[in-house]
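Below is one structure, written out as structure tokens; comments come after it.
The values are calculated or read from the model by the stated rules, or taken from the named source; none is laboratory data. A quick note: this is a predicted structure, and the numbers were derived from the prediction, not measured. Here Cβ is always computed from backbone atoms with ideal geometry, including for glycine, and neighbour counts include all displayed protein chains. Heads up: the accessible areas ignore ligands, DNA and RNA and are worked out on the full protein's heavy atoms, side chains in. Shrake-Rupley method; radii C 1.70, N 1.55, O 1.52, S 1.80 Å.
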Amino acid sequence: YGPEFFDARHNVSISGVYELPFGRGHQYASNVNRFTDEAIGGWKVGTIMSFHTGFPITIASNAYYSATVNARAARGNHLRPLKIVGRTETQWFGTDASVQGCASDTDDGVCAYSEQSSTSFGDAAVGSERAPNYKQIDLSLSKDFAVTEGSYFEFRSDLLNAFNMVSLAPPANNVSSGLGQITSAVNEPRNIQLALKYVF
């Protein structure tokens, strides 16, 4: 037993829209003419900010116990805690010798995990390790341009992952083929999209 795969111990989500205080009826430049108001008034900025700590990782293994034929994916054996030393973006569990898994039915006194035994299920707990954190901030800028009393153009600019933050993918979790390697990210690099919509 252990935490579910989507369990994030700390999760912060913030969203909001703010109309800039410029143009007619606002704090600044409230006396401008209608033409200038169309240019500077009514702009809105919005954001969606998402941050959470890493999801649980279950350490897997190649199957060596014959009874695993009808079981879910085989797990390794948990011998001792991982020592996280020299963590990098590509080696999430670091470079300590404890990251190097032991072969089935062996224990060198250093490795944190070994492959599944040939005589029993692996005892690594569900979600015994944690993946990297997630972080992303999206921004938007929008404004309505009146055409007639009942129609307008809506302009919108969206900056997805506006600050180009990197949220790393979960590391490799199979003790038989290496632990901790990260080769990708879970979010996209910054994307900017523009939209113009006529509402009538």
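A helix-only calculation puts the chain at -1000 deg cm²/dmol for mean residue ellipticity at 222 nm, using -39500 (n - 2.57) for each DSSP H run of at least four residues, averaged over all residues. Judged by the gyration tensor of its Cα atoms, with axes a ≥ b ≥ c, segment 130-185 is prolate; a/c meets the 1.5 cut and a/b is the larger of a/b and b/c. Straight-line reach from Lys143: taking Cα to Cα under 30 Å and skipping same-chain neighbours fewer than 8 places apart, the lysines in range are Lys44, Lys135, Lys197. When you work out D = kT/(6 pi eta Rh) for segment 54-133 at 10 °C and 1.306 mPa s, using the Kirkwood radius from C-alpha pairs as Rh and the Stokes-Einstein form, the result is 122 µm²/s.
Seen from Phe155, the other residues with C-beta closer than 14 Å to its C-beta sum to a net charge of 0, counting Lys and Arg as +1 and Asp and Glu as -1. Annotation: amide H-H contacts under 5 Å for Leu179 (H modelled 1.01 Å from N, sequence separation of 5 or more, or interchain): Gly101. Ordering Gly150, Ala124, Thr88 by Cα displacement along the dipole of the chain toward the positive end leaves Gly150 in first place; charges were set at the Cβ atoms of Lys, Arg (+1) and Asp, Glu (-1). Between Ala146 and Val85, the modelled labels are 7.0 nm apart [label points 7 Å from Cα along Cα→Cβ]. Look at where the Cα atoms of segment 20-65 and of segment 161-200 average out, and the two centres are 18 Å apart. Gain on full extension, evaluated as 0.36 nm per residue between Ile48 and Phe6 minus their Cα-Cα distance, stands at 13.1 nm. The share of accessible area on segment 1-90 that comes from carbon and sulfur is 57 percent, using a 1.4 angstrom probe. From the square roots a ≥ b ≥ c of the eigenvalues of the alpha-carbon gyration tensor of segment 1-84, which class results: rounded (a/c under 1.5), prolate (a/b over b/c), or oblate? In terms of gyration-tensor shape, prolate. Sparse packing (at most 14 other Cβ atoms within 10 Å of the Cβ) combined with a DSSP loop state is found for the following trypsin sites (Lys or Arg not before Pro) in segment 92-200: Arg190.
Between the listed residues Thr106, Leu196, Ser177, the Cα displaced farthest toward the positive end of the dipole of segment 87-200, a dipole computed from Cβ unit charges relative to the Cα centre, is found at Leu196.
The magnitude of the dipole of the chain, with charges of +1 and -1 set on the Cβ of Lys/Arg and Asp/Glu and taken from the Cα centre, is near 320 debye.
When the Debye formula is applied to the Cα atoms of segment 1-151, each taken as the same point scatterer, what base-10 log of I(q)/I(0) results at q = 0.17, 0.19, 0.21 Å⁻¹? Debye intensities relative to I(0), on a log10 scale: -1.02, -1.13, -1.23.
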